């Protein structure tokens, strides 16, 4: 187990990519519970919008441990845990670390056996009949002499990794009962009975899944839900410092990521940290004054170009024209796979899926140089092969590239009806807006980004030709703005993604309009729904321009609407939050803004807020932070405070160690 799980492969499973897990592993931010509405938006947007404010973090090794509390009984012990997390956030790496720590006797020493069933491997035998004991022997041949009675006598953990990759149907509450480890049935029935507790009821079960697939399991079978939210601010920096040995280079990369707000947000995702560091490190190594990518599309194009360059170096003796043709053929084939499987909702592929796109899995060129870092081949049970892109966003990027390539070359029948680039964009916008869960949101951003002439120029070796797109982009941005302003039937998340599409094509006009809207008196006149407020707050957060003042009282909206505006404090100099019934969650958002590594908040008014002990404690954490740049803090309180002495003591302890130069404080006597 130590040999199997002790190494981490960044990219494909090649020797040059191997790293000792314990050397590079960075603790992920895992919470107990989950955010609401996770199925209504694209995963990347969930991560960009997520606030780490609602739950306490939990250590991965403690997921089966209950908190000691009055009234705790044996029956309350945690048997089944469901861990959610978006693609690339670190679910499988967390499983790997969990097993490694156990195998090295550093955690969960009371567990006798841990068995891992990746759904990507179970798919390959989904039509076969197995007993649970036989299945375990197939996955772990070293257990051939194990008596099947041992499972009942020992403490066993089953890890079902990647439910979202399953192509089986779990028949929970409606399947045949299997209670004996030697009784044969389909793999789907075995997994269902394990989860339900009919098969090995004493066993502990850990299931990992992307959010959209997690609802396959009714809540009555789950004792604890956790969610991996990726890296927090300190963990991002820790990752870059661990991955890049040159301390000066690591600091430069961290500084750039901080300045590019949209990239900084995306670095909550470990895989995006890896892509960003690979791209920026390579660019700075070639030219210290190199222009660093500012958008997702630019970052992914450069990542693709780096992989192509690696292959060119490997085959430098070949004729350049032939090498270029070979590059194009391989990338277009992979892009076709990416597009077709994205439309089917598949992130894991098998040989039959690749043959559908005329991709010959025996062709060595497919898995050399250019593809080894973006497309993974793994040998699994019975030496069968499974394939996937290193991250869902890479699949979405290549899918967008494929559509644009086919449009230019007129090779896809479905695209021949689009007689202009603008009509192609318009069709893609409409298609993405039809999606209830936003699964085409990032694809749309990439498609529009690739259409920019500057990005076409970067990709010119892969495209048949480039096309003047400035007029099409202008018409498309106008169409998007009309969609946003109409807003009829649009989810808030769809509107936000349309904003991000504008930023992807470097159109800042609507972002500036929002800034002007906030600065003007219009927000006092126009009634804003909570959804409007969420959109405004999000756009203010990612804006490159810092907002001078956010005065919640002036917004014509409900208390919920004002609460949804509070996250914008992270990108404003002066936050006036007086008379706004701040909750503990609101206080934690403000505290997080004060602790941010690039905090810009200088003035804060919390007057007439019943902060309670919890609110004071949260704010004190922010004010004590070395990153806090606050100069003015106002807190007037004219109403009766239930725990007056505690509140005074809390405020005083904060003020003694805060950086504020000006303080206005009034409490009732």
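What list do you get for 161, 486, 551 if you sort them by fewest beta carbons within 10 Å? Please report the intermediate quantities before stating the final value.
Numbers: 161 22, 486 9, 551 17.
Fewest-to-most Cβ neighbours within 10 Å comes out as 486, 551, 161.
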(request) In nm, give the distance between the simple-model label positions of residue 436 and residue 506, each being 7 Å from the Cα along the Cα-to-Cβ direction. (result) 3.9 nm
(message) I want to make sure I understand the PRE zone here: with the label point 7 angstrom from the Cα of residue 474 toward its beta carbon, which residues in segment 491-532 have backbone N atoms less than 19 Å away?
(response) 502-511
(request) Of the DSSP beta bridges with both residues in segment 93-252, give the percent that are antiparallel, rounding to the nearest 5. (result) 15 percent
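Run the numbers for residue 238 and residue 148: contour at 0.36 nm per residue of separation, minus the present Cα-Cα distance, in nm. It would help to have the intermediate numbers written out before the result.
Values: separation 90, 0.36 × 90 = 32.40 nm, distance 4.45 nm.
Gain on extension, residue 238 to residue 148, equals 27.9 nm.
Order of 120, 224, 474, 445 from fewest to most other C-beta atoms within 10 Å? Mind dumping the intermediate values first?
Values: 120 23, 224 18, 474 13, 445 28.
In increasing order of surrounding Cβ atoms, one gets 474, 224, 120, 445.
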(request) Once you have the Cα-Cα distance between residue 417 and residue 216, take 0.36 nm times their residue separation minus that, and quote the gain in nm to one decimal. (result) 68.5 nm
(message) Please compute the modelled spin-label separation between residue 255 and residue 282, points set 7 Å along Cα→Cβ, answer in nm with one decimal.
(response) 2.4 nm
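Taking 0.36 nm per residue of sequence separation and subtracting the Cα-Cα distance, how much length would be gained by fully extending the chain between residue 521 and residue 613, in nm to one decimal? Don't jump to the answer; show the numbers that get you there.
Numbers: separation 92, 0.36 × 92 = 33.12 nm, distance 3.55 nm.
Extra length available between residue 521 and residue 613 comes to 29.6 nm.
Taken together, the values in this text are just the output of simple stated rules run on the coordinates, not laboratory data. Nothing here was measured: the structure is a model prediction, and the numbers come from that model. Please note: Cβ atoms are built from the backbone with ideal geometry, for glycine as well, and neighbour counts cover all protein chains shown.
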